[in-house]
1. Compute the helix-to-body angle for 11-33: its Cα long axis versus the longest principal axis of the chain, expressed 0 to 90° and rounded to tens.
2. Under 16 Å Cα to Cα from LYS212, which lysines show up? Leave out anything in the same chain fewer than 8 places away.
3. In square angstrom, what is the accessible area per residue of the chain with a 1.4 angstrom probe?
4. Over the chain, what is the relative contact order in percent, taking alpha-carbon pairs closer than 8 angstrom and at least six residues apart?
5. From the helices alone, meaning DSSP H stretches of at least four residues, give me the mean residue ellipticity at 222 nm for the chain, per-run term -39500 (n - 2.57), in deg cm²/dmol to the nearest 500.
6. Roughly how many Å² of PHE124 are accessible to a 1.4 Å probe, to the nearest 10?
7. Do you know the relative contact order of region 212-365, to the nearest whole percent, from alpha carbon pairs under 8 angstrom that are 6+ apart?
8. When every alpha-carbon pair in the chain is counted, what percent end up more than 36 Å apart?
Amino acid sequence: MRTSPPIRTSSTYRKYRLFLAMLLFSFSAMAQNSQTRIYGIMDMYVGYGKSGSKSITKLNEGGNAGSRIGFQGVEDLGGGLKARFDLEAGIGADTGSGEAPDGSLAFLRQSSIGLTSRWGLVDFGRMYTPMFIGIVQADPYVLNATFSPLNLRSIVDSQQGVRAFASRGSNMIRYMTPPEQNFFAILAYSFGEQGSSSQRLNDLYGGSLGWKDRSFYLAYSFQNVRTASTDQPLATPITSRYQALSAYYRIRPELMLSANIAQSGSNHSATRESTLRSGGISWQASVQSRLMAVVAHRRVEASARGQTVWTLGYDYALSKRTELYGRLLGVNNRGGAAVALGGVPIEAAGSSSGRFIAAGIRHSF
C-alpha cells in the first residue's frame, strides 16, 4: 500500500495563512465599526372615487405609506462620534417606475450625509423640513400623501403669491437635538442656489421646538421660503410663511388624541392668510387592529372658499412587516372651490364634494 507523503508546512504557506487571518480580522473590525442596511416599503391599493357624475377606479401605490427603497449606513468614529448617510428613492409600485419626471429611479425622498454625537445630529443634503417633522408626529396617518386630511397644508387656493408647502428641502443643512431627549429642537436652512438678481431666491429656512414623552407631545414649527422667478426677479422676493402648533395626548397607551393648527400667508399685502385646523383619534383596539379618524378644515380670510376633509382608516397587521388596510376619504369644497385630494375627481359644476374608498396591502423590509 502506497501512502501519501506528509504535508510539509513551508514558511511561505505559514505567511499565507497569517495574511488570511489578518484580512478576516480587519473585515470583522470594519463590520463592527460600520453598518449598512437596505430597507424599503411596497404599498398597493385598489380604490374607487366619485364626485357628481365623475368616477374613477384605479390600482395605485402609497395608500398607507409611499413605496420606496433606501440605503442607510452608520460608522462609529469613536468618542461618541458617528458618521451616517441615507439614500431613499420613491417607487411607483404599480408600474415599477421611479419618481423622477422621466420615470427613472432617483433619490428624491432623501439624500443626506451627516454626523451625530452627544450634542445632536447635523446632516447635509435633501431631507425633510423641520416643520414636516413637527407636524407628522401629530397625524395618525403620518402625512400620507394620499389619504391624510392634513394634505390641506399644501393647498394655496385663493392665496395669491403663496408657494405650496414643501415637505422636503434640497441643498439643506439641518441640526437636530439628540433623539433621546424629551425637549427637542430642529433648525434648517436650504440654499436656493439661483443665479439671479433676486436676493437669496428660493432659499428655505425653518425650525421646530417642542417636548415629547410617552404620553404627551407639543411642538411649534415654522417655515419660510423666498419666491420669485429668474425671468422676473424681484429686489425683495415674496416670502411665503407657514407656522403650526401640533400636539397629541395618550389618554391610555392604546388611545391617542391629536390636533394641529396651521397658518400660511406671505409678506405680500395682497395675500390672504389661511388657517388649517385638524383633530384626530387613533385607537389600538388589539395587537393586530388599529382604527383612526381625522378631520381637517381650511379657511381663507375674507373669502367664502374653503375645504373640509376627513378620513376613516383601519389597519390590520398580518405580521410585524405586513398589514392590510382600508381607507374612506371625504372632500367637501365651499364657495366655488374645486380642490381635489387623494385622487377624488372633483366636479366643480356639481357639489364640489367627493368620496374615495380603498383597500390595500403594505409590506416593509
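1. The two axes meet at around 20 degrees.
2. none
3. Counting only protein heavy atoms, the per-residue value for the chain is 53 Å².
4. Details: 978 pairs, mean separation 55.2, N = 365.
Taking the mean separation of contacting Cα pairs over the length of the chain, I get 15 percent.
5. So the calculated ellipticity at 222 nm is -2500 deg cm²/dmol.
6. Counting only protein heavy atoms, PHE124 exposes about 100 Å² to solvent.
7. Relative contact order of region 212-365: 13 percent.
8. 31
The values are calculated or read from the model by the stated rules, or taken from the named source; none is laboratory data. Just so it is clear, the structure is predicted and the values come from calculations on it, not from any experiment. Each accessible area value is taken on the protein alone, full model and side chains, heavy atoms only, with ligands, DNA and RNA left out. Shrake-Rupley method; radii C 1.70, N 1.55, O 1.52, S 1.80 Å.
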